[in-house]
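The structure under discussion appears below in the form of structure tokens.
Values quoted throughout were computed directly from the atomic coordinates according to the rules given, and no laboratory measurement underlies them. The model shown is predicted, which means the values in this text are computed figures rather than measured ones. Glycine gets a Cβ as well: all are built from the backbone with ideal geometry, and neighbour counts include every protein chain shown.
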Amino acid sequence: MFLTKITKRLFIYLVFVDSGIRTGTDVLKALALGARAVLIGRPILYGLACGGQDGVRRVLDILKRELVYDMACCGLTSIDQINKDILYKH
Ligand SMILES: Cc1cc2nc3c(=O)[nH]c(=O)nc-3n(C[C@H](O)[C@H](O)[C@H](O)COP(=O)(O)O)c2cc1C
């Protein structure tokens with residue numbers, strides 16, 4: 001009984017979004033919706049196929065640049081500041 005209570009109290013849900021992340025904007029939206037992290041598959045493979053290690057680095061650089069740009073457009077300077085308030089529902 002006691003352990004159950006402790007377990008319930010300490011239980012933390014971490015949400016990872018997998019599939020379909022193609023731009024830094026996708027990353028921003030997933031984090032804003034509450035994801036702790038995103039998983040990226042095919043874009044990394046495309047980078048690898050086209051340019052090897054440098055290609056993978058380039059894909060990650062592009063995604064990071066897009067994410068930082070979009071964060072700046074929302075007035076954010078840190079990942080910690082991302083929350084659902086930046087989302088606009090229409
Ligand atoms: C070539 C390839 C092989 C994969 N193999 C596995 C696998 O063996 N097991 C698995 O759980 N997911 C596998 N996945 C799925 C990836 O782990 C990941 O969920 C997915 O690629 C992410 O979506 P994205 O490609 O749209 O970014 C594979 C994906 C690709 C493209």
If contacts are Cα pairs under 8 angstrom and at least 6 residues apart, what is the relative contact order of the chain in percent? 29
The extension gain from residue 57 to residue 89, computed as 0.36 nm times the residue separation minus the Cα-Cα distance, is 8.2 nm
³J(HN,Hα) across region 75-84 via Karplus (A = 6.51, B = -1.76, C = 1.60, θ = phi - 60°), whole Hz, x for Gly/Pro? x, 9, 10, 9, 4, 4, 7, 6, 8, 5
So the label point goes 7 Å from the Cα of residue 23 along Cα→C-beta, right? Which residues of region 60-80 then have their backbone N under 15 Å from it? 62-74
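For the chain, which DSSP H helices look membrane-span-like by this rule: Cα extent along the axis of 27 Å or more and mean Kyte-Doolittle of at least 1.6?
none
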Region 24-70 - Kirkwood radius from inverse mean 1/r over Cα pairs (Å): 11.0
The farthest towards the positive end of the charge dipole of the chain, of the residues 10, 45, 32, given +1 on Cβ of Lys and Arg and -1 on Cβ of Asp and Glu, is 10
Rounded if a/c is under 1.5, else prolate if a/b beats b/c, else oblate: with a ≥ b ≥ c from the C-alpha gyration tensor eigenvalues square-rooted, which is the chain? oblate
Ignoring trypsin sites (Lys or Arg not before Pro) buried by more than 13 other Cβ within 10 Å or outside DSSP loops, the longest site-free run in the chain is 37-88
